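Report on the following structure.
We did not get these values from a lab; they are worked out from the coordinates using the rules stated. Since the model is a prediction, treat every value here as computed from it, not as a measurement. Here Cβ is always computed from backbone atoms with ideal geometry, including for glycine, and neighbour counts include all displayed protein chains.
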Amino acid sequence: MPHVVKYAEADLIEGLRSAAAHCGVPLTVKQYDGYRHAHQPDLASGIWVIRHFGTWRSACERAGLAANATRSTSSRWTDAELLRAVADYLAEPGATGSYAGYQEWARATEAAPSGALLRSRFGTWAEAKRRLVPGAAPEA
């Protein structure tokens, strides 16, 4: 059975506040994950925070942080555009095909959709990759 790390809500809130103190507010998921990667790798991932609180905005509000008042950018991407980004990543020399590899590529690629957005839209990273091949069975 895989080891699953559980985070207390107080720890999630403290992580958000720590990232916001370093990055400023409003804090984005991308800023939070960048801070976590560079300074506190034991913090929960941005997607974990979103899953716990329901939305990034709710997480920030619960932590007492200003939430971005702008409209979500997730709707600006069509499914075809998101899948094109997945295909572009997979076509890169040395691409591992992993979600972590995609996230690293997306951070270094101008205007690439986040891995969290792909998971949000398609449910899982495996499903996003599966959709590149019409008629393929979902990965277990």
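Observations
- The dipole here belongs to region 9-62: it is taken about the Cα centre, uses +1 on the Cβ of Lys and Arg and -1 on the Cβ of Asp and Glu, and is about 200 debye.
- Residue exposure proxy: 6, 129, ordered by other Cβ atoms within 10 angstrom of their Cβ from fewest to most, comes out as 6, 129.
- Multiplying the residue separation of residue 80 and residue 98 by 0.36 nm and removing their Cα-Cα distance gives an extension gain of 4.5 nm.
- The chain, dipole about Cα centre (Lys/Arg Cβ +1, Asp/Glu Cβ -1), debye to the nearest 20: 320
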